[in-house]
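Reading through the structure tokens given below for one structure.
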């Protein structure tokens with residue numbers, strides 16, 4: 001813990017609000033994951049492809065791919081809310097699901113582009129690190 005930081009839980013709940021880059025990261029990540037999760041869930045249930053351009057690529061994915069990615073995207077929304085509420089398990093969950101997603105993308109044939117998800121983890125580490133000691 002840094003010397004100028006109060007101990008975890010020392011700030012009242014109403015004073016612990018994400019600020020600046022952390023707020024922007026959480027908002028954008030929440031919205032993107034919510035839209036992707038609902039979209040993938042829709043296509044998993046009703047069929048079709050998420051985009052005409054991706055039609056051939058998505059058709060070649062295994063049947064379990066879209067529902068799995070939909071659930072992961074919606075779970076990431078839960079993790080973003082947890083981070084907003086200053087819970088460390090949200091950051092751990094987001095990181096873990098990113099690793100799971102990389103593995104799933106490799107299984108589905110995405111290749112090296114599967115590692116693009118690590119950018120989100122790197123950004124999360126960057127924006128959470130200054131307030132990590134304040135999180136429960």
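Worth a mention:
- Relative packing of 30-43, 100-113, which averages over residues the other C-beta atoms within 10 Å, highest first: 30-43, 100-113
- Note on residue 116 and residue 96: with the Förster distance fixed at 22 Å, the Cβ-Cβ geometry gives a FRET efficiency of about 0.80.
- Estimated distance in nm for a label pair at residue 131 and residue 74, the labels positioned 7 Å out from Cα along Cα-to-Cβ: 2.7 nm
- Between residue 106 and residue 35, the FRET efficiency from the beta-carbon distance, with R0 = 25 Å, is close to 0.55.
- Whole-angstrom gap from segment 110-136 to segment 64-96, using each part's C-alpha centre: 12 Å
Values in this text are rule-based calculations from the coordinates and carry no lab data. Only a predicted model underlies this, so the values are computations on that prediction, with no experimental measurement involved. Positions of Cβ are backbone-derived with ideal geometry, glycine not excepted, and every protein chain shown enters the neighbour counts.
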